[in-house]
Amino acid sequence: MPGFEKVRKNLEAHGFDVTCFDTAAEAADYLDRRLDGKTVGHGGSITLKELGLLDRLQSHAVVRSHWLGDSFADAAAAPVYLTSVNALAETGELINIDGTGNRVASTLYGHKKVYFIIGENKIAPDYDAALWRARNIAAPLNAKRLEKRTPCVQTGRCMNCSSPDRICKALVVLWEKPVLTDAVEVVIIRQSLGF
C-alpha cells in the first residue's frame, strides 16, 4: 500500500494503535475475535456493512445500532465503538464529517475503546487532500446514498450549500488519541471499502 509505513508511523506517534490486513475477510475475522462477548456500538458506516462484521457479532456480542432499532444514545453508551472515517491523511489525521453528530461525538469521548476500520481508498497524502476527499468524495456519495436533495448529489462535489438536506453539519479531526479513551485502534485494510 503506497504510504502505509508513513501513515502507520504517524498514527503511532499520535498515540493510536495500528493494525493492517490484506483483505476485508482477514480484518473481519480479527475484529470478530477481539469483540467476542463485548458490548459494541456503531454509527452509520458502509465500511462496517461491507465487512459483514455487524451480522457476525450479533451471534456472540451485544450490538447497539440505530440500524437495528436502538437509539443513538444506546450506541453511545457502549464501552466499545466501531466506526470508519471519511478520510485518513498519511500525516496521521483522521477526518470525519457528520450530519447528526452521533458518530463523530462517539469518536471523541465516552468509550473505553474505539476502532476505526478504514479501506485504503480513504487514504490521502496529507491533511488538505484528506479534507478535500471527505468533502468532495465521501460527502456527495453519502448524500446520494441517503437520497438527499443537495447540490453535491448533482455535481459530485461539495458546493458548501445551505440545503435543508445538507449532511455536512460537523467536522471532526483527530490529531491524537483523545486523553480519556483507553485505546483507539486504526484498522487499515488493503482493499477499497466504503466511501
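Show me the trypsin sites (Lys or Arg not before Pro) within the stretch 44-117 that DSSP assigns to loop and that have at most 15 other Cβ atoms within 10 Å of their Cβ.
In loop regions of the stretch 44-117 (DSSP not H, G, I, E or B), the sparsely surrounded trypsin sites (Lys or Arg not before Pro) are 112.
Determine, from the Cβ-Cβ distance of residue 126 and residue 176 and an R0 of 22 Å, the FRET efficiency 1/(1 + (r/R0)^6), rounded to the nearest 0.05. Kindly include the intermediate steps, with their values, before the conclusion.
Working: r = 17 Å, r/R0 = 0.76.
My answer for the efficiency is 0.85.
Please list the non-local residues whose amide H lies under 5 Å from the amide H of residue 44, H modeled 1.01 Å from N, same-chain partners needing a gap of 5 or more.
Close amide H contacts, sequence-distant or interchain: none at all.
Amide H neighbours of residue 61 under 5 Å, at least 5 residues apart or on other chains, H built in the peptide plane: list them.
So residue 61 has HN proximity to 37.
Below 8 Å, C-alpha to C-alpha, sequence gap of six or more: please give me the relative contact order for the chain in percent.
Reported as a whole number, the value is 30 percent.
From the backbone phi of the stretch 173-180, what are the Karplus-calculated ³J(HN,Hα) couplings (6.51 cos²θ - 1.76 cosθ + 1.60, θ = phi - 60°) in whole Hz, Gly and Pro given as x?
Taking θ as phi minus 60°, the curve returns 10, 9, 8, 9, 4, x, 4, 8 Hz for the stretch 173-180.
Per residue, how much accessible surface does the chain expose to a 1.4 Å probe? Answer in Å², no decimals.
Per-residue accessible area for the chain comes out at 47 Å².
So if each residue of separation counts as 0.36 nm, and I subtract the Cα-Cα distance between residue 100 and residue 146, what length gain in nm does that give?
Value of the extension gain: 15.3 nm.
Between (i) 9, 38, 38, 14, 1; (ii) 8, 27, 28, 20, 13, 5, 0; (iii) 8, 31, 37, 17, 6, 2, 0, which entry matches P(r) over Cα pairs in 10 Å bins from 0, in percent as derived from the coordinates of this structure?
(i)
List, in order, the whole-Hz ³J(HN,Hα) value for each residue of the stretch 38-55 obtained from phi through the Karplus relation with A = 6.51, B = -1.76, C = 1.60 and θ = phi - 60°; use x for Gly and Pro.
Those phi angles translate into 8, 9, 10, x, 7, x, x, 7, 5, 4, 5, 4, 5, 5, x, 5, 5, 4 Hz.
Where in the chain is the longest stretch that carries no GluC sites (Glu not before Pro) classed as loop by DSSP and with at most 14 other Cβ atoms within 10 Å?
Answer from the scan: 1-146.
Give me the percent of the accessible area of the chain that comes from carbon and sulfur atoms, probe 1.4 Å, all protein chains in place. Walk me through the intermediate numbers first.
Values: 4630 of 9170 Å².
Taking all protein chains in place, the chain shows 50 percent carbon and sulfur surface.
Could you name the lysines whose alpha carbon sits less than 26 Å from that of residue 38, not counting residues in the same chain fewer than 8 places away?
The qualifying lysines are 49, 112, 113, 177.
Using amide H atoms built in the peptide plane, which far-off residues or other-chain residues are under 5 Å from residue 186 H to H?
It is 17, 18, 19, 116, by chain and number.
For the stretch 100-131, run through the chymotrypsin sites (Phe, Trp or Tyr not before Pro) and keep only the ones in DSSP coil with at most 16 other Cβ atoms within 10 Å of their Cβ.
Qualifying residues, ordered by number: 109.
Please give the FRET efficiency for residue 36 paired with residue 9, using the beta carbon to beta carbon distance and R0 = 41 Å, rounded to the nearest 0.05.
Details: r = 30 Å, r/R0 = 0.74.
The calculated FRET efficiency here is 0.85.
The values are calculated or read from the model by the stated rules, or taken from the named source; none is laboratory data. On a predicted model such as this, the values are computed, not experimentally measured, just so you know. Note that we place each Cβ from the backbone using ideal geometry, even for glycine, and neighbour counts take in every protein chain shown. Only protein heavy atoms, including side chains, enter the accessible area calculation; ligands, DNA and RNA are left aside. Shrake-Rupley method; radii C 1.70, N 1.55, O 1.52, S 1.80 Å.
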